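Following: one structure in structure tokens, then a few remarks.
Only the coordinates and a few stated rules stand behind these numbers; no lab work does. Because the structure is a prediction, the values reported are computed rather than measured. Cβ atoms come from the backbone with ideal geometry, glycine included; neighbour counts cover every protein chain shown.
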Amino acid sequence: MNKKLLFGILLGAVLIYFSVRGIHFNDTLASLKNIHPGWAALSLFYIVLMQALRSYRWGVILEPMEKISQGTLFAVTSVGFLAIAAIPARIGELARPYLISRKSSIQMSSALGTIVVERVLDSLAVLSITIMVLLTQDQLPPWMFKSGILFFLLTLMMIAFVIGLVRRRETAVAVIDWILKRMPGTLAQKVNPLIHHFIDGFQVITDVKRLLYLLALSAVVWLVDVAAIYTLLKAFGFDLPVLAAFVVMVILIAGIAIPTAPGFIGNWHYACILGLSLFGIAKPEGLSFALVYHFLSMMVVVILGVVFLPFNKFSLSEMTGQMNQ
């Protein structure tokens, strides 16, 4: 844990250095002073809306196992995203499964499976939107199109793997159990029940109508994210097409997937600067956009998380202990 934290902080520091290198901060401050508050407020609204849509979508994924109230889902989601931002190396991803297992009959390992489904849906939605956009554009670098196709194919392979786990459940568990039995100790006896519960979290993909609804809902989630970015671009007075918001979103998603310091400090800013540079936005202005977008996003995460944290307390030892049961 300490090594991961140290690595994350060091990597974040390196990315901060590259983000601010060669910048005259007076230019950045000038850009910040010219921000339009109305557009910024609209961007903030979209950020909050995205959080609400994520909690609703998670409820749809969980519903085949148990229907949970939207109030509970929103509270747990808010605390969960606070944990993801605050705890390094993405360990905070365990918070939501742990908390929902305490407020329902759903096993934590099953809830963790729903998080995997959620990530697959996110990947498929983002990559589908991105490829459709890239097919209509010719001014972007070829590496973006090639990378999009590659990740789209990898996502389809992941979906096929998940479907295989559900459709051929006993065969898959038997193969995994055979592998585990070759390992020392009683690992197989401990892990086998967890695998069954984990696969339970994939139940939603067996319902075609629900799956299609979730795919559409996932597209809406990320289109709202595009709207948040685009309105913030308008707040800075950047005369850019909606395409710029798509590109910044995709690069930012890839950037914050890298485990760095808490709060995505460094990789968030570098990703925004990189994305905007493709559209001719100078580094000082790109940094000012990154600072405000990061501030608004983290403000929503922190405020909502702190509000609901007293009712959804957790600790790292409790979460990891629950997984080992």
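The table for this structure:
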read-out: Shape category assigned to the range 1-106 from the gyration tensor of Cα positions, a/c cut at 1.5; value: oblate
read-out: Pairs from Lys67/Lys209; Lys67/Lys234; Lys33/Lys283; Lys146/Lys209 whose Cα-Cα separation, in the structure shown, is over 28 Å; value: Lys67/Lys234; Lys146/Lys209
read-out: Karplus-derived 3J(HN,Hα), 6.51/-1.76/1.60, for each residue of the range 48-64, Hz, glycine and proline x; value: 5, 4, 4, 5, 5, 5, 5, 5, 5, 4, 4, x, 5, 5, 6, 4, x
read-out: Amide H partners (placed H, <5 Å) of Thr260, local residues excluded; value: Ala89
read-out: Charge sum, other residues only, whose C-beta stays under 15 Å from Ala290's C-beta, Lys/Arg counted +1 and Asp/Glu -1; value: 0
read-out: Length gained when the stretch Leu6-Ser105 is fully extended (0.36 nm per residue, less Cα-Cα span); value: 32.0 nm
read-out: The range 249-261 - phi-based ³J(HN,Hα) in whole Hz, Karplus 6.51/-1.76/1.60, Gly and Pro as x; value: 4, 5, 5, 5, 4, 5, x, 7, 6, 6, x, 10, 5
read-out: Under the Karplus curve 6.51 cos²θ - 1.76 cosθ + 1.60, θ = phi - 60°, whole-Hz ³J(HN,Hα) for the range 100-107, x wherever Gly or Pro sits; value: 5, 5, 7, 10, 8, 8, 6, 5
